[in-house]
Amino acid sequence: VENELTWDDSDWGSWETSAENKEDGETAEEEVQHGPWLQECVLSISPCSDLMVIAREHKAAFLSAKWQNDDSGREEMTLAVSWSGMLNAEEGLFLIVFSFVSRECVSSVICIPLASQKRSSTGRPDWTCIVVGFSSGYVRFYTENGVLLLAQLLNEDPVLRLKCRTYEIPRHPGVTEQHEELSILYPTALVTIDGFSLFQSLRACRNQVARAAAAGSDVVQPPPLAYKKWGLQDMDTIIDHSSVGIMTLNVFDQMKNASILGGFHASVKGSPPAMSQYITVGGGPFTGFYYAVEGSSQPLLSHVALAVASKLTSALFSAASGWLGWKNKNEEEPAQKQKPKVEPATPLPVRFGLPDSRRHGESICLSPCNTMAGVTDDFGRVTLLDVARGIAIRMWKGYRDAQLGWVQVSEARGEREIATSPSMPRRHAQFLVIYAPRRGILEVWGTQHGPRVGAFTVGKHCRLLYSGYRLMGVNSVTSQGWHYNTQQVCLFDPSTGALRSVTIPFHLALSDKKSERAKDMHLLKRLTALLKSREIDPALLESEAQSILLEIKHPAVKKQVRHVQYMLTNSLSLSLTHSHPEAVDDTLLQLCSSQLKLLQLYSDVQLLHSPDTSPSETEPLSLAGIEEDLARIGPILRRYTELNSRPCVTFAQDPGGPLPVRAFLSQLVCEGGELRVIRGPDTDWTHLGSFLFWGCLSGQSPLEKVCETLQQSGISPQQLLSLLLTVWLNREKEILKRADAIRNLHTLLNTLSSMKGAVEESWDVQCISPWWQQVRSACVQSESAGAALLAALVAHRAFQGDWECVSLELEQWVVCLRQLEDVLALQTLLSLPPPQGSPGGAVQRCSVKSLLESGRGTGASFFQGCSGRDVTERMLLSVLSSELLACVCQRFPHSLAIDVLWAHCCWEYVVQWNKDPEMGRYLEWSVEYLKMISSSHIQLGISSMMWNTFIVKRFSAAAFLMEKVGKAPKDRLCRRDVGMGDAAMTSFLGSCVQLLQTLMEADSGVEEAYVPELCVEEVWGSAEGPASIAELALQQKAVHYPLVQHHCLLASLLHAAMSFSLRLKPLSLFDSKGKNAFFRELTSIQLLPSGDMDPNLVAIRQEFLMLVLTGWVKAEDTGSAKVSRDMDWPAVCMELASLLQVNADILRRHLVWELYNQGLDLRAEEVMLEVEDKDVLGSQLLVLTGQRLAFSLLHSQTQTKATMELLARLPPTLCTWLKAMDPSELRCPSVPLKQSSRLVSKVIEMLPENHAQYSLALHLLETVDSLQENE
């Protein structure tokens, strides 16, 4: 429970000095003996007040903040136990120290919240680390769930005190920026751990523990901690300490210290050294000041012991036992080997101190600004120290066993001060909080020499909790824009379980003259809190508020109470009337009068919100024209209503609830006796309009009385019309469900039009009326297509009923209505739900204004949002055949022409692909839509724009990457250089080939085709904005066909290499001319390769194409999913061969041989028909036949007796030739003999009779026939 202490001055000065010094020893001793057990516990609370730790001996409980409902139903913050147990239970419970077994106990605890590293963080901690110091010298770090993160033995003495220092933004220039630090005090040593190193280590340990909990794997040891260890000398006993931070002496103090220490001839360094200051309290001396020069001691690196729960990894504990210093029962190693190594301390002598042989310090508390410190001692005194000068500047008596804390308060800056001096830093005040448990009082003192500003009676067994730090892991960059929500001082009462925070107003630190305005601001806060209270009696509320208002002195502060209710305004007016005339501000009196008038209007309108019991009779003749219009647009309007009536989420600020008085007053102002509405955010404007007109539109309020009340208020008719139209357009769903809303709108428009000032008397009927132009402007800007069209129809009929036919005004209405009808049809189409299985999203909204500002051809540009929902061509064609789209196309015959539509769809998909290149199908669909464009001119322009805008950069990156690695790159390299994975890159290169081929086809057909003329609908002829995609396409320059073919050749090579994972340096297949021509503008004329190519280069090209054919044959047999089934790779290779000057017949022979090698004899026979050089092919296939026969006769595992006899009868020449064959080269050696016999027959047909191997082929045929007979 978190409450704020109320400031009660009734008991100030109730204690005298003599009474404070009286102490009853017996009573105190009895209270200690019978006090609650919590006094023996170690307590710590997080600065964020979301975690508290209570520890005693070796047990501890962690309490986390939770929201719960009390008995009255109010939601409040509570601290509930989230974990409890023994802190060292997982480590064996016993520790071997000083050669005997002793149970270690908790001696100190702090809770350190760690800042979140996410950019969206606003100052809340990511998690909280609990640091526990033990009597064994160990320091252990835990999570909020009690999971041990790491443990460190820094010294073998008990830990006396743990303290933390976090980053604070320097308030003044020149102030040294302090680093984060965790300090650990031992009886004779002080250890400081760098905050950055600790923050990183704790995050690493927590992440590793989380991975181990999820996967059950071992945890890697975290990096070592960097710390400094100082041996504090020249003090008898040390009880507590404070780490002030890094300080730098000024030049005078540096020269003074050098003279004192080194004498008259001492040398002084050029720059003062930076020193870390530490203050200790204890005995001999009472207070010691230590200074450690930066760089005098190197940070020590010590291995940390990482541990997780034994349920996760039991093996880890056996491995970490040597680090933690405890021994399992089954271990037999001596204890000396298990004890971690303790680094020696660097001696640090005391610079000076406050000697007092009888006085012993008990605690020290450093102020937030690091300039003062409060010290308690065993004499019952509280001493205030000046940290920089090292002197005592104040002392309080009579505070035995006192507990200290500090509260730093910032001055609240008013609007006037911000406007005059925005760059001046805010002032801060320091208050010392002293809790005296012997007397059960809590006092607040102003420092340095300020008076006591507050005193409270509390219990005698409370604990004052002061952290003195904030979030760890914050720096000057990450803290920008953060709002810290931390408590400085809290008082914990164990008798009630209440945790109260201490807050102090800033004006208590000022003198009477300066605190007058600050006191008024404090009274204003009290008034605000009083108004927010819901359980107070109204009469008591009025009396309390009136007394507060009378106490406020400054008129500027009184002006800020304009959000009060009517009774408070009346009270303020009465108080000013009865005040002295010189003390009354005329402006304030006028403000009260205007507020009363506004509140009276609010009350009158609210009373009229009840349903009208006697509605006026309607005039059906006045709506005859509207009914005809509704019958005409009825089908499309009903379809629009169905698609837009789906459930949606509504929020509290949406118009629908009652308008608060404060919101009403904030939007209206009274000037010169007339009311004027202040245009605010759209939500507030709609809420105000709903308060005034929704009852009339829904038929629940009398229209005439409401309009009469508003007319008497003095609000201009133009503002009332704006509010009425805003409600109508923004509450479209409710409007379309009410049949009587149109009739009520017609009545309201006629009433508002008849008000004085609505239509100027000097208006020329041959000009456009400003009154009706306001209606048209609101309708064309609205995205509520249905409500906008209905409002325009009603206003049009109202205009025709009151005015004579004016040609110019009627023309404006005709164009506006036609545009609104077109938008309604288009918006209905865009509201169609996406196809099943595709991801949903927000419906794209359009208005007349947005269409006019989008440029020519905007209908297609808005339709591309409908087509861009992951629909395939078949789905889109089914939509095109629908009646709804036919209606839209009829209204936009030019903007939705088929070629224009395909161009927009093509561009939409390539834009989506560019946002997410991993989605290769978007680019494939874009190219498919590109091919569907019938106009060669538009097709050429779109292709050129796609290439220059999205493709060429990634295409060149892919080519250079493959040239660099010399093969198809792996996924990691593709993502690094091209921005997509290897699979997406393969699809991308295939789409590049299709795009360039389409570009070449379009360039070839441009000369024969006519240039299409792009028109726009008559009512949309005034559209302004960027040119449409089709218009931009027609503006593109012609391309150079050979250069496009040159790039298409490279794209085909890259696509083949990626598809079959081949080794290739693509640019090396071209000469210098070819290389220089790549990635140039396709419209430029480049010097391309011509004539015969270098034979060595042709050989490399031939080898690569043969590898492509080999890869395709393997993929055909294995059914590889990586190779596209739509690609006819043999045909592609033959086409590439003609461009690369490679003999295509060689490739065909190679393909035949590969097909036979793979066992695909029938497909090989089909390709064989196209081979020209039959002799060479016959010789090649003869070898393959011999390999097959050798496998059947010599290497088969199932050789029969008949096979052996046949082998013995073979001619010696044939037998020797078969033995020389290597069947291992065959990928499919086990082929039916029938296929081998057919192959030998084909070879005999191809070889001439005078061929050297003709007789060998005949012998092979006989051998195969014999084998078939023996089967």
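The values are calculated or read from the model by the stated rules, or taken from the named source; none is laboratory data. Just so you know, these numbers come straight off a predicted model, no measurement behind them. When we count neighbours, we look across all protein chains shown, and the Cβ atoms used for this are built from the backbone with ideal geometry, even at glycine. Note: accessible area is taken over every heavy atom of the protein model, side chains too, but ligands, DNA and RNA are not part of it. Shrake-Rupley method; radii C 1.70, N 1.55, O 1.52, S 1.80 Å.
Below are the figures for this structure:
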read-out	value
Rounded to whole Hz, the Karplus (6.51, -1.76, 1.60) HN-Hα couplings of segment 377-383, x for glycine and proline	9, 7, 8, x, 10, 10, 10
In nm, spacing of pseudo-spin labels at residue 1228 and residue 86 (7 Å Cα→C-beta vector)	7.3
Residue 457 - accessible surface, heavy atoms, 1.4 Å probe, Å² rounded to 10	110
Gyration tensor (alpha-carbon) shape descriptor, segment 1203-1268, a/c threshold 1.5	rounded
In sequence order, calculated HN-Hα J values of segment 1070-1083 (Karplus, 6.51, -1.76, 1.60; Hz; x Gly/Pro)	10, 7, 4, 5, x, 5, 5, 7, 6, 6, 8, 4, 5, 8
Calculated from backbone phi, Karplus (6.51, -1.76, 1.60) coupling profile of segment 451-462 in Hz, x at Gly/Pro	x, 6, 9, x, 8, 9, 8, 10, x, 8, 10, 7
Candidate residues 439, 662, 632, 203: accessible-area rank, largest first, probe 1.4 Å	662, 632, 203, 439
Förster radius 41 Å - calculated FRET efficiency between residue 393 and residue 61 (Cβ-Cβ, nearest 0.05)	0.50
Distant-in-sequence amide H partners of residue 373 (H built 1.01 Å from N, under 5 Å)	367, 385, 387
Amide H partners (placed H, <5 Å) of residue 240, local residues excluded	281
Cα shape, segment 1095-1192, gyration tensor, a/c 1.5 rule	oblate
Local electrostatic count, residue 128, Cβ distance below 10 Å [Lys/Arg +1, Asp/Glu -1]	-3
Backbone N under 16 Å from the residue 408 label point (7 Å along Cα→Cβ), restricted to segment 175-214	175-181
Net lengthening on full extension, residue 738/residue 1145 (0.36 nm per residue, minus Cα-Cα)	138.6 nm
Computed accessible area, residue 461, all protein chains, 1.4 angstrom probe, square angstrom	60
Nearest-10 value in Å² for the accessible area of residue 1228, using the 1.4 Å probe	40
Accessible heavy-atom area order of 86, 1093, highest first, probe of 1.4 Å	86, 1093
FRET efficiency, residue 1092 to residue 1067 (Cβ-Cβ, R0 25 Å, nearest 0.05)	0.80
Residues whose placed amide H lies under 5 Å from that of residue 108, excluding near-sequence neighbours	133
Burial ranking of peptide ranges 374-387, 596-609 (average Cβ count within 10 Å, highest at the top)	374-387, 596-609
Potential extension, residue 1083-residue 957 segment - 0.36 nm per residue separation minus Cα distance	43.3 nm
Solvent-accessible surface ranking, highest first, for 1221, 372 at 1.4 angstrom	1221, 372
Set 931/967; 597/849; 1174/1234 screened for pairs whose C-alpha atoms are more than 30 Å apart	931/967; 597/849
Shape call, segment 221-298: gyration tensor on alpha carbons, a/c limit 1.5	oblate
Label-point gap, in nm, between residue 915 and residue 1015 - each point 7 angstrom along Cα→Cβ	3.5
Label-point separation in nm, residue 1126 to residue 156, each point 7 Å along Cα→Cβ	7.8
Segment residue 972-residue 1045, length gained on full extension (0.36 nm per residue, minus Cα span)	23.2 nm
